[in-house]
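Asker: This is the structure I have questions about; it appears just below.
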Amino acid sequence: MKITKQVAVIFAVLALFASAAFAQALTETQIDSLVERSMKAFDVPGISVGVIKDGKVVYAKGHGVRSLRTNEKMDENTLVGIASNSKAFTCLALGMLVDEGKIKWDDRVQDYIPEFKLYAPYVSENFTIKDLLTHRSGLGLGAGDLMFFPDGSDFTIKDIIHNLRYLKQVSQFRTKYDYDNNLYIVAGEVIARVSGKSWPEFVEERIMRPLDMSSSAGLFERLKDKDNTIDGHASVEGKVRVIKRSMVRVPAAAGGVNSNITDLLKWVGMFLSNGKYGDGKRLVSEKVLKEMWSPQTIIQVNSPGPYNTHFAAYGLGFFLSDVNGYKQVTHTGGLEGMVTQITMIPEINLGIIVLTNQQEGGAFRSITNQILDGYFGKTGRDWVADLSASRQKSLAEAKVITDKVAAEVAKAAASDGATLDPSAVAGKYADAWLGEVTLSVKDGKLRFVSKRSPNLTGEMFPYKANSFIVRWDDRSMDADAFVNFSLDVEGRPDGFTMKPISPLTDFSYDFQDLEFHRVK
């Protein structure tokens, strides 16, 4: 094919336009300043950021400290629990088994896990591997997460698979998006039963080792070297503090990976190279990657927003949307004391990774979006200032609610006979999937103690009529809840339901899915 002079000129002009569009990509110094501002605005002790463009790492650096306890520096090799960014590892692992002909995306889960059951026989019998990954089960947001969240419960994978049948549907099968963690745990079990290796073993051997992600592991406890790891942090009564380490075990396939910027740049680089790595070796087929990045479950878009977004969906392990005319592939992750984000714009061969050691999502969003703006040639918006203001507004609105509840609690404490007597509600209660809790009066105080999830321990206070609130002993949880008692025909408490008090409570505290009945 001959290229005429006119065609050559056209190509040259197009190249100039393309380079102009990305001429405002942030410099290293600008990203440094951006991260420092974000850390200060959102009170995050440490953040590490990686940017890969056109196959080259253009930024890989840590800022701040990995722990307020030690004040040791955060760097590009500092290991962080990437939480739900692990879900893409699970999907890729299943995709590798698809490539090998060992499974198909539309195989029934019961063909591999016969004991798998959900709320209805039809759903149970027709639930596929792909259904495990796409948040369209009919279960509610975060349904059953209290079986592993907050950290410290004793539920096994066997327990979780069994207990899924007790969770009630909130929508029709395959009709609505509601984010789910437990079904990813089931997906990890599919990998184990097909491959003969545990989920962490498979991911480490088949994905991390080929990509030379030498510092990473499928679980914190499997890290070869723990010297350069973060402590998680959270705001506790207005001050950011080190909190207990999140030790993900059972939900590994939903959120177990621990990694760093250095290793994750290799992970993202593989995706942006269409499944290839190193000197051209292929980790997974382009067909599998296309399936992972194809819309599976539609997500409603309420407004176009700053990037003129009209469509959004969940693929396999990634959120998909149109941003500024490009396809965006992204996911976030959150555990106690840490949140992360991975974002890719495949059409311009761009990947951005942000890892933090404080559970404040505004930090990673402000950094990612400001870097995106640079590559998109967008100017005029200060994401740190905007998201910080939005966060402060949300905190203020939530405080109005929690202060009002606190006032009602104080009012109930000062009155006589306004609520149920604590001694009347004391006893043992059980929920079908969370198990047993004990409400007991000791030294005049009513205490809530969960047998299987011991972090759910706290003091209960009369609120209104048949309701109390529970304030958890671990104040970093920020998840105090209403406890509403039902009465039998004699007026005695025979059960209770729960719901979060603050609208900012993490959705994994799915108190609304619990239904306790008195057993003693």
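Readers should treat all values here as calculations from the given coordinates under stated rules, not as data from a laboratory. These numbers were taken from a predicted model, which means no experiment stands behind them. Here Cβ is always computed from backbone atoms with ideal geometry, including for glycine, and neighbour counts include all displayed protein chains.
Asker: Give the order of LYS499, LYS287 when sorted by the count of other beta carbons within 10 angstrom, beginning with the fewest.
Answerer: With the sparsest Cβ surroundings first, the list reads LYS287, LYS499.
Asker: Across region 25-393, how large is the tail of the calculated P(r) beyond 30 Å, expressed as a percent of all Cα pairs?
Answerer: I get 35 percent for the Cα pairs in region 25-393 exceeding 30 Å.
Asker: Taking 8 Å as the Cα distance limit and 6 or more residues as the minimum spacing, I'd like the relative contact order of region 169-326 as a percentage.
Answerer: Normalised by residue count, the contact order of region 169-326 is 18 percent.
Asker: Mind checking the full-extension length gain between LYS102 and ARG193? Use 0.36 nm per residue of separation minus the Cα-Cα distance, one decimal, nm.
Answerer: 31.7 nm
Asker: Name the residue from GLN172, PRO200, LEU26 whose Cα lies farthest towards the positive end of the charge dipole of region 25-393, charges +1 on Cβ of Lys and Arg and -1 on Cβ of Asp and Glu.
Answerer: Positive-most Cα among the choices belongs to GLN172.
Asker: Based on the mean of other beta carbon atoms within 10 Å per residue, what is the order of 204-210, 114-120, 257-263, 504-510, most packed first?
Answerer: The packing order, highest mean first, is 257-263, 504-510, 204-210, 114-120.
Asker: In whole Hz, with x marking every Gly and Pro, tabulate ³J(HN,Hα) for region 355-361 from phi via Karplus 6.51 cos²θ - 1.76 cosθ + 1.60, θ = phi - 60°.
Answerer: Karplus values, whole Hz, x for Gly and Pro: 10, 10, 10, 8, 7, 10, x.
Asker: Please give the calculated 222 nm ellipticity per residue for the chain, where each DSSP H segment of at least 4 residues contributes -39500 (n - 2.57) and the sum is spread over every residue; nearest 500 deg cm²/dmol?
Answerer: -9000 deg cm²/dmol
Asker: Report, to one decimal in Å, the Kirkwood hydrodynamic radius for region 88-186 based on all distinct Cα pairs.
Answerer: 13.9 Å
Asker: Return the FRET efficiency for the residue pair LYS520, SER124: r is the Cβ-Cβ distance, R0 is 22 Å, and the value is rounded to the nearest 0.05.
Answerer: That gives a FRET efficiency of 0.10.
Asker: Right, something else. Of TYR307, THR332, SER294, which is farthest along the charge dipole of region 279-336 in the positive direction, counting Lys and Arg as +1 and Asp and Glu as -1 at C-beta?
Answerer: The one lying farthest along the dipole's positive direction is SER294.
Asker: Hey, another quick one. Rounding to the nearest 20 debye, state how big the charge dipole of region 25-393 is about its Cα centre with +1 on each Lys and Arg Cβ and -1 on each Asp and Glu Cβ.
Answerer: Approximately 280 debye in magnitude.
Asker: Next question. Taking 0.36 nm per residue of sequence separation and subtracting the Cα-Cα distance, how much length would be gained by fully extending the chain between LYS276 and MET247, in nm to one decimal?
Answerer: Stretched fully, the LYS276-MET247 segment lengthens by 7.2 nm.
Asker: Taking the Cβ-Cβ separation of ALA385 and LYS327 as r and a Förster radius of 22 Å, what is the calculated FRET efficiency to the nearest 0.05?
Answerer: 0.20
Asker: With no solvent and one equal point scatterer per Cα, compute the Debye intensity ratio I(q)/I(0) for region 419-518 at 0.12 Å⁻¹ and report its log10, rounded to two decimals.
Answerer: -0.34
Asker: Quick one: putting +1 on the C-beta of Lys and Arg, -1 on the C-beta of Asp and Glu, what dipole do you get for region 419-518 around its Cα centre, in Debye to the nearest 20?
Answerer: I would put it at about 260 debye.
Asker: If I take R0 = 56 Å and measure r between the Cβ atoms of ARG222 and ALA414 in this structure, what FRET efficiency does the formula 1/(1 + (r/R0)^6) give, to the nearest 0.05?
Answerer: Plugging the Cβ-Cβ distance into 1/(1 + (r/R0)^6) gives 0.60.
Asker: Another question, then. For the residue pair ASP488 and ASP403, what label-to-label distance in nm results when each label sits 7 Å from Cα along the Cα-to-beta-carbon direction?
Answerer: Between ASP488 and ASP403, the simple spin-label model gives 4.3 nm.
Asker: Taking amide H atoms as placed 1.01 Å from N in the peptide plane, list the residues 5 or more away in sequence, or in a different chain, whose amide H sits under 5 Å from that of LYS327.
Answerer: For LYS327, the qualifying residues are GLU347.
Asker: Moving on. For Cα pairs less than 8 Å apart in space and 6+ apart in sequence, what is the mean separation divided by the residue count of the chain, i.e. the relative contact order in percent?
Answerer: Computed over the chain, the figure is 18 percent.
Asker: Taking the Cα centroid of region 57-88 and of region 254-271, what is the distance between the two, rounded to the nearest whole Å?
Answerer: Rounded to whole Å, the Cα centres lie 12 Å apart.
Asker: Out of LEU68, SER246, LEU118, whose Cα points farthest toward the positive end of the dipole of region 25-393 (charges: +1 Lys, Arg; -1 Asp, Glu; placed on Cβ)?
Answerer: Sorting the options by dipole projection puts first LEU118.
Asker: For helix 182-195, what angle does its Cα long axis make with the longest principal axis of the chain, in degrees from 0 to 90 and rounded to 10?
Answerer: 60 degrees
Asker: Related question: Rounded to whole Å and sorted largest first, list the principal axis extents of the Cα atoms in region 67-109.
Answerer: Projected onto its principal axes, the Cα set of region 67-109 covers 50, 18, 10 Å.
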